[in-house]
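Chemist: Got a structure for you, written out below as structure tokens; questions coming shortly.
The values are calculated or read from the model by the stated rules, or taken from the named source; none is laboratory data. Everything numeric in this text was worked out from a predicted model, so none of it was measured. Please note: Cβ atoms are built from the backbone with ideal geometry, for glycine as well, and neighbour counts cover all protein chains shown. Ligands, DNA and RNA are stripped out before the accessible areas are found, and what is left, the full protein with its side chains, is counted by its heavy atoms. Shrake-Rupley method; radii C 1.70, N 1.55, O 1.52, S 1.80 Å.
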Amino acid sequence: MSEHADLNTVQQPEHPAEHPGYGTFIKVWVALLILTAGLVGMSHVSQTYAVWGLLTMTPLKAGLVFYFFMHLKYEGPLLKIVILVTLGTLLIFFALLFSDVAFH
Amino acid sequence: MTTHAATPQPSYLVDTGSRKGLLAWLTSTDHKRVGVLYLVSMLSFFFVGVGIGFVMRLVQLTPFQHLITARTYNALFTVHGVIMIFLFVIPGLPAVFGNFFLPILIGAKDVAFPRLNLASWYFFMIGATLAVLSLFTGGGAPDTGWTFYAPFSLKTGTNVSLAVFGAFVLGFSSMLTGINFITTIHRLRAPGMKWFRMPLMCWALYSTSWIQLLATPILAITLVLVILERFFGIGIFDPAKGGDPLLYQHLFWIYSHPAVYIMILPAMGAITEIIPTFAKRTIFGYKAIAFSSMAIAGVGSLVWAHHMFTSGMSNLATMIFSLLTMIVAVPSAIKVFNWVATLYKGSIDFQPPLLFALTFIFLFAIGGLTGVMQGALAINVHIHDTYFIVGHFHYVMFGGTGFAFFAALLYWFPKMFGKMYSKKAIYAAWFPMFIGFNMLYFGMLILGMMGMPRRYFVHLPQFHTMHVVATVGSWFLVLGLLAFFGTLLYALFKGEKAEDNPWGGVTLEWTIPSPPPKENFDTIPTITHGPYHFEQESQ
Ligand code: HEM
Ligand SMILES: [Cu+2]
């Protein structure tokens, strides 16, 4: 990785020089495992728990993957805005869907 | 970029490479040739669809008939719907006229990704082939309707899996075209071609492309879930396994309502090009039209559940979606008013493309207004799943997108092929088309109001008279279509040579030869003013 580092900083000056080490990756991975275990646990309690678990933990997991593994943390503001807009759109879709599902 | 016209470039129709004939066409990445490939394949599918529709109307000529079984009738309307929707009206205008004219309208030599463009056509053909194969393999032609509603689509023994996979592949064609056009519009505009100097067809294609790119994946995933459910019984949609069939309807319409805007926006774009040319004046309300395209694309993504008012959705959801549906009619109406205002006090040059554009406005207005009726909850309960719905969507999709396609073809045919057709023959073809269309589909609106349910292979005697009217209408319509395309086909081979600018248009495509040269422009033009700049006006 280190031989690419200076190339990156030349092409994209806003790119911070430090890159995550394996330590960060492993910590994130452990966090993902814990969240998954929590999710499986909750789904054994009751269906309501399972649904709330899915609704809270999966976005959290996806967020971690985006942020660290997919390098969102190290990207410029434009990309972050695009992703926020996407998430906002998705949220509107969910809200509309829940206007049905939650009031069946 | 040679100096001007010293050695004129050959037309795009001439093979200059090492490959000749059909092979040269099938491997060409020229956006104009790709557009023509789409045109030919799409019209072939269109006529198959017309044939099936014609047969269905024949079946309804008598109340109780023994020509075909109910199963066959189910297969007929499914295949008719799949062909017309996925192979004709959805790809229709963007794939043919978008490909051919988008680069020319913004002063570019090609789209941003020419190879991807050709690849989209191959995806289109592969998807279409799979869908056609599904008719003859497995358990036979799918009988679910083009909507593939669960749980029936999970249970039927017909070959739903292959048809659905075909639609999945077609989705790739649509998404790739979307990416290509968005990039082209962002990156390849000629110098001085600012956003608000683009012809409005480009705005229409731009908003369409975003829907193609963002909504199609949802359909793709939904269709994959249907296939998985059929093969592995994963129980997402099947109520017997704890799944939710309404979820299927939500997911399907989250794509398929925006898809109706994929169909109609570029059609509106083409009409917006035609009207100023024949009114010889600039468009009324350029920005209103541009923004209403974007507004339709945005709000139109939030109305999908108006297809589900009677499906057992929550009352709260029905009210929200009814309201949103009413709102989306506003930007559509803005466009209609702008077209009419453009014609007002114009110096109108009445030609076949304008006749078809005006027909579009008339038929689309009926389609749009019946849509608003259906959007009202109380009325919807009465007419849902009746012939009224069938009448409505034929007014918008055939009367709207179909007639806009014909108008665009008449407008750009001389440019695309360098030949002019007989205007008299086109006027003559218009009559049976228009009369037949309204007999057929207004008849359906009335039948629906009377209570005739859709997708039935027989009908009760009290519906008989209107069914006969509709069937006779279908004969006129088919006759008109044959005359229309016969005229164009004749012109293609025997027509007189067309001028470079037969209609006195002022957008960039009229500044280059007919048919266009390989690279469109000798030198890329520099743009100094808006798109509809008629000299007459400034005098
Ligand atoms: C002012 C605009 C429009 C409004 C308010 C509107 C409203 C509606 C509503 C409420 C329905 C559902 C009726 C039911 O099944 O109970 C419907 C069905 C349908 N609409 Fe529209 N619509 C509009 C424009 C369009 C356009 C532009 C197209 C296509 C180009 C279109 C295509 C369809 C189709 C295909 C169906 C039936 C789908 C099926 O069940 O197979 N609509 N429309
Ligand atoms: Cu809809």
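Chemist: B:MET433 - would you say it is farther than 30 Å from B:LYS497 by Cα and surrounded by 20 or more Cβ atoms within 10 Å (Cβ to Cβ)?
Modeler: Criteria not met by B:MET433.
Chemist: Taking the condition of being of a type in the set (Lys, Arg) and surrounded by 19 or more Cβ atoms within 10 Å (Cβ to Cβ), how many residues in the stretch B:328-384 meet it?
Modeler: Result for the stretch B:328-384: 1.
Chemist: Still on this structure: Can you tell me which residue among B:THR487, B:THR471 is touching a residue at least 12 places away in the same chain (Cβ under 8 Å), surrounded by 19 or more Cβ atoms within 10 Å (Cβ to Cβ), polar (S, T, N, Q) and over 15 Å from B:MET439 (Cβ atoms)?
Modeler: The match here is B:THR487.
Chemist: Can you tell me which of B:PRO245, B:PRO266, B:PRO239 is within 16 Å of ligand 1 (Cβ to nearest atom), open to solvent by 10 Å² or more (accessible area, probe 1.4 Å) and not aromatic (Phe, Trp, Tyr)?
Modeler: Result of the check over B:PRO245, B:PRO266, B:PRO239: B:PRO245.
Chemist: Would you call B:THR147 touching a residue at least 12 places away in the same chain (Cβ under 8 Å), polar (S, T, N, Q) and either assigned to a loop (DSSP other than H, G, I, E, B) or surrounded by 20 or more Cβ atoms within 10 Å (Cβ to Cβ) (or both)?
Modeler: Yes, satisfied.
To keep it simple, each residue is scored yes or no on (1) under 17 Å from the mean Cα position of the chain (by Cα); (2) in contact (Cβ under 8 Å) with a residue 40 or more places away in the chain; (3) more than 7 Å from ligand 1 (Cβ to nearest atom).
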| site | (1), (2), (3) |
| --- | --- |
| B:GLY367 | yes, no, no |
| B:THR370 | no, yes, yes |
| B:GLN374 | no, yes, no |
| B:ASN380 | no, yes, no |
| B:HIS392 | yes, yes, no |
| B:GLY402 | yes, yes, yes |
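Chemist: Take B:ILE227 and tell me if it is surrounded by fewer than 21 Cβ atoms within 10 Å (Cβ to Cβ), more than 30 Å from B:LYS415 (Cα to Cα), away from ligand 2 (no atom under 16 Å from the Cβ) and free of Cβ contacts under 8 Å to residues at least 40 places away in the same chain.
Modeler: Criteria not met by B:ILE227.
Chemist: Given the conditions (1) buried (at least 20 other Cβ atoms within 10 Å of the Cβ); (2) closer than 23 Å to B:LEU43 by Cα, report the number of the one that B:LEU76 does not fulfil.
Modeler: The one condition B:LEU76 does not meet is (1).
Chemist: Would you mention how many residues in the stretch B:293-314 are open to solvent by less than 20 Å² (accessible area, probe 1.4 Å) and either within 9 Å of another protein chain (Cβ to nearest Cβ) or among the aliphatic types (A, V, I, L, M) (or both)?
Modeler: Within the stretch B:293-314, the subset open to solvent by less than 20 Å² (accessible area, probe 1.4 Å) is B:293, B:296-297, B:300, B:303-305, B:308, B:313-314.
Now narrow it down to the ones that are either within 9 Å of another protein chain (Cβ to nearest Cβ) or among the aliphatic types (A, V, I, L, M) (or both): B:296-297, B:303-305, B:308, B:313-314.
The total comes to 8.
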